[in-house]
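Enquirer: Structure in structure tokens, see below.
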Amino acid sequence: MGDSRAVLALNEVKSKLVLVAFFALYCAIGLLVDNIIYNMPSLAYGFYMLLTFQVFPIATVGMAIFGVVSIFVTYSMYDKIMLYGHEYKEITPENAFGFERKLYDMIGELAYRGGLGYMPRVYIIEADYMNAFASGFSQKSAMVAITTALINRLNEDEIRAVMAHEISHIKHGDIKLTLLISVLANVMLFVVNIGVMFFGGSRDSAGARAAKMILFVLQFVLPLITGVLSMFLSRTREYMADAGSVEITGDKKAMANALIKIHNNYADEPHEDEGAEFRRAAYIYEPKSFASLFSTHPSLQDRLRALGFEA
């Protein structure tokens, strides 16, 4: 249990560093566009005037408002996006019998033991691949989903570990963080393109020209920077959810066995999942691995090692 707490604490620090980096980038881009709007004589002078509010940072504040609206719209639609592409059934006390009832009660117990404070909605997805995911960040929006293949191929302890992993995602606010970073990244790239294309002209000051040159370079490197940071954040939250599962259940072996079985399922039977691009960062396992810097999930070996096992 002590090891899992250490994993949680370490990855929480890493997550905060990524958030600081994102917000620093976000503000810097807004200030660069403001330098162009006000045609500042130099970047240093422009940053000074804007940061001391001697000149109102129009673009920076506008980005903040645009970001808040975008996040709100995305949050309101996210549960529908997550369930897109498959037949599914919501499990409730009224319609649950047999194992479905046992699953519903299991998740209620895990939510209580994990200190979640409310019962998330529970969905079973009809699918031939082994996976599970969580969505939402409040009593109104929280949900967990599990595929029929995962139910059929894991034992009860392993299912419990997977569901505890998903409960941990909700408790830690991982879905909220993932959406926040995704929206911020898209807003930044949009504003960078606008800054290069539409502001300034032949009468650009030295400060405006320097700002436009930086934004021009960011058009090409910003997707790389935000991609690496986003994937790093996603991997830290997976480590935290694995550790959170162990904190809730006290059974790291079941969590490790579940990860191995899900990994082997994808290794033996590659699956095409309609809508997977929307859920990739939320899945307990990423079916298609990319280079480690651009993977939403740590490797199986790294996850097992974090749990205290050698792969």
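Read-outs throughout are calculated quantities, based only on the coordinates presented, and are distinct from any laboratory measurement. The shown structure was predicted, so the numbers you read here are calculated from the model rather than taken from an experiment. With ideal geometry, Cβ positions are generated from the backbone for all residues, glycine too; neighbour counts draw on all protein chains shown.
Enquirer: Please report HIS297, HIS165 as a ranked list, fewest other C-beta atoms within 10 angstrom at the top and most at the bottom.
Expert: So the ranking, lowest neighbour count to highest, is HIS297, HIS165.
Enquirer: Rounded, prolate or oblate: which one fits the range 97-236, using the alpha carbon gyration tensor with axes a ≥ b ≥ c (rounded when a/c is under 1.5, else prolate when a/b beats b/c, else oblate)? Don't skip to the answer; put the middle values down first.
Expert: Details: a/c = 3.96, a/b = 3.14, b/c = 1.26.
Cα axes put the range 97-236 in the prolate bin.
Enquirer: What list of ³J(HN,Hα) values in whole Hz, one per residue of the range 47-60 in order, does the Karplus curve 6.51 cos²θ - 1.76 cosθ + 1.60 (θ = phi - 60°) give from phi, with Gly and Pro shown as x?
Expert: Couplings: 4, 4, 5, 6, 6, 8, 6, 6, 10, 6, x, 4, 5, 4 Hz.
Enquirer: In the chain, with Lys and Arg counted as +1 and Asp and Glu as -1 at Cβ, which of these residues, GLY244, THR178, ALA96, has the Cα nearest the positive end of the dipole, that is, farthest along it?
Expert: Ranked along the dipole, the leading option is THR178.
Enquirer: Follow-up question, since we're still on this one. Select from SER42, THR74, PHE53 the residue farthest towards the positive end of the dipole of the range 10-105; place +1 on Cβ of Lys and Arg, -1 on Cβ of Asp and Glu, and compute about the Cα centre.
Expert: SER42
Enquirer: Now for a separate question. Sort out for me the Cα centre separation of the range 1-68 from the range 182-251, rounded to whole Å.
Expert: The two parts, judged by their Cα centres, are 11 Å apart.
Enquirer: Go through 41-47, 122-128 and give me the packing order, highest mean Cβ count within 10 Å leading. Show your work: numbers first, answer last.
Expert: Working: 41-47: 16.7, 122-128: 18.4.
Averaged packing, sorted descending, gives the order 122-128, 41-47.
Enquirer: Which of LYS14/LYS252; LYS89/LYS252; LYS89/LYS253 have a Cα-Cα distance over 27 Å?
Expert: Pairs exceeding 27 Å: LYS89/LYS252; LYS89/LYS253.
Enquirer: Sticking with this one: With 10 angstrom as the radius, rank LYS171, LYS176 by how many other C-beta atoms surround their C-beta, starting from the fewest.
Expert: In increasing order of surrounding Cβ atoms, one gets LYS176, LYS171.
Enquirer: What order do you get for TYR26, TYR118 when you list them from fewest to most C-beta neighbours inside 10 Å?
Expert: Starting with the residue having the fewest Cβ neighbours, the order is TYR118, TYR26.
Enquirer: Pull out a ≥ b ≥ c, the square roots of the eigenvalues of the alpha-carbon gyration tensor of the range 157-248, then state rounded if a/c is under 1.5, prolate if not and a/b is larger than b/c, and oblate in the remaining case.
Expert: prolate
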